[in-house]
Amino acid sequence: MAGDLSGGDLSRLRQLNALAVIRVLQGQGSLTLTEVARRTGLSRASTEDVVRELLSKGWVAEAGATAGGVGRPARRYRFRADAGRVLGVDIGGHKVLAVLADLDGNVQHSVRVPVTPQLDRLERLEAVDRAITECLREAGLTGGEVWASGVGTTGLVDGVGRVMLSEALPQWTGVDLAGHVRRLVPAPVLVENDGKLAALAECWRGVARYAKDMVFLLAGLRTGVGLVIDGKLHRGFGNASGEVGALPVLGWIRAQEHLSAASGEAGDVFAAARAGDRAAATAVRRYVKDLALGASALVLALDPQMVVVGGGYSRSADVLIEPLRRELDRWCIRTPEVRMSTLGDEAVVLGAVRLALDDVQDRVLDGRTSVVSHL
């Protein structure tokens, strides 16, 4: 019969139901079976079966009972966010930031190692090792206790964690980041472009939580992009989506030169423009004009709900947002909402955490991961 479910279909349905229950319980404190059933749309019997299975696997724990009322108090259940840890790493030109987070994505330990854009490959990889090792030591964990790792880096990244092309960091093209990090944390290591990870974080914890279509501009010493289409991070066929900056005519290659020519340090230029310095204001205006060209091309192609500006320059929202909005008005048929990120320079590492959590949840979904096996 067309309505029959095969064994594989039933198994998949159980996995989907389990993930639905986990997502309802995450970050909620504790819920009763009735509350879980109502929020997932499952029957009470199905909810009870799923919760029983998650209890046996260690993903869920009892959290006492609800007092009051008539009859036996209702049992309550909570997601075991404390049962595992994921690692997030942001490898940038000026810092390597490593964080450890619980299964709800709450950062509990972080280590920042300063670096410079001029470091060669070995020196930067040594900084990565130092950040990860110190973070594990602070948490009192071994690398084997980390369930998954997400790593953000500048440049194009292939599907197995290798940097295909990087023009921002010396000798960075070709480095096998997944293999390198896996020496310290043997669980799955996922590597992604920093702009894409920042976009992922913005939709998870930032100002774009309600936006299904969004262009994220990573504005700093270079300009990167992350695209979210229909609520999902868009990578493209070869993981090279959003690389409009490769077209010299759009101006992103030269955009930062306006700021460095004015002062040498972008933060100083923004501060001077804020204070009314005419030369600094001109430099910022020229930078925004170049930034807006590529942004307008993306807006015209995608018609997003929102454009979010993040990265190192996001702290200067007061001198960037309005000029950028005016430039978009010049070129775009419909100007989307323009917002500044509130995640600061932690956007990439939070996106790396989200990437690792997604991998853990995918392995829950297909039955490959049990909390009990990690205890």
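The values are calculated or read from the model by the stated rules, or taken from the named source; none is laboratory data. The shown structure was predicted, so the numbers you read here are calculated from the model rather than taken from an experiment. Neighbour counts are summed over all protein chains in view; Cβ atoms, including those assigned to glycine, are modelled from backbone coordinates with ideal geometry. For the accessible areas, the whole protein counts, side chains as well, though only heavy atoms, and no ligand, DNA or RNA atoms are used. Shrake-Rupley method; radii C 1.70, N 1.55, O 1.52, S 1.80 Å.
Checking 260, 314 one by one, the residue that is open to solvent by less than 70 Å² (accessible area, probe 1.4 Å), within 28 Å of the chain's Cα centre (by Cα) and not aliphatic (A, V, I, L, M) is 314 and no other. Only a single criterion out of (1) modelled with pLDDT of 95 or more; (2) among the hydrophobic types (A, V, I, L, M, F, W, C); (3) under 23 Å from residue 310 (Cβ atoms) is not satisfied by residue 136, namely (3). Just one of the listed residues (216, 237) is aromatic (Phe, Trp, Tyr) and at pLDDT 95 or above, namely 216.
Of all residues in segment 222-234, exactly one satisfies the criterion of being without any contact (Cβ under 8 Å) to a residue 40 or more places away in the chain, in a loop (DSSP other than H, G, I, E, B) and closer than 20 Å to residue 347 by Cβ, namely 231. Among the residues of segment 184-206, those identified as farther than 24 Å from residue 94 by Cβ and assigned to a loop (DSSP other than H, G, I, E, B) are 186, 187, 188.
Here is a list: 309, 319, 371, 338. Which entry is within 25 Å of residue 259 (Cα to Cα), in contact with a Lys or Arg (Cβ under 9 Å, 6 or more places away or on another chain), crowded, with 17+ Cβ neighbours inside 10 Å and at pLDDT below 95? Answer to the selection: 319.
Tell me, please, whether a residue that is modelled with pLDDT under 90 and open to solvent by less than 30 Å² (accessible area, probe 1.4 Å) can be found in segment 19-40. Yes, segment 19-40 contains a residue that is modelled with pLDDT under 90 and open to solvent by less than 30 Å² (accessible area, probe 1.4 Å). Taking the criterion of being hydrophobic (A, V, I, L, M, F, W, C) and either part of a helix (DSSP H, G or I) or at pLDDT below 95 (or both), the residues of segment 322-335 that qualify are 324, 328, 331.
Taking the criterion of being in contact with a strand residue (DSSP E or B) (Cβ under 8 Å, 6 or more places away or on another chain), within 27 Å of residue 296 (Cβ to Cβ) and either open to solvent by less than 10 Å² (accessible area, probe 1.4 Å) or of a type outside the set (S, T, N, Q) (or both), would at least one residue in segment 137-152 satisfy it?
Initial filter on segment 137-152 (in contact with a strand residue (DSSP E or B) (Cβ under 8 Å, 6 or more places away or on another chain)): 138-139, 141, 145-152.
From what is left, the residues that are within 27 Å of residue 296 (Cβ to Cβ) are 152.
If we keep only those that are either open to solvent by less than 10 Å² (accessible area, probe 1.4 Å) or of a type outside the set (S, T, N, Q) (or both) too, we end up with 152.
Yes, the conditions are met somewhere in segment 137-152.
Among residues of segment 137-149 that are without any contact (Cβ under 8 Å) to a residue 12 or more places away in the chain and polar (S, T, N, Q), those with a Cβ under 7 angstrom from a residue that is in a helix (DSSP H, G or I) and open to solvent by less than 60 Å² (accessible area, probe 1.4 Å), sequence gap 6+ or separate chain, pair up as 142/136. Restricting attention to segment 170-205 and to residues that are open to solvent by 10 Å² or more (accessible area, probe 1.4 Å) and aliphatic (A, V, I, L, M), the residue that is nearest to residue 350 (Cα to Cα) turns out to be 200. Being of a type in the set (Gly, Ala, Ser), part of a helix (DSSP H, G or I), within 21 Å of residue 213 (Cα to Cα) and in contact (Cβ under 8 Å) with a residue 40 or more places away in the chain: is that true of residue 347 here? Against the criterion (of a type in the set (Gly, Ala, Ser), part of a helix (DSSP H, G or I), within 21 Å of residue 213 (Cα to Cα) and in contact (Cβ under 8 Å) with a residue 40 or more places away in the chain), residue 347 qualifies.
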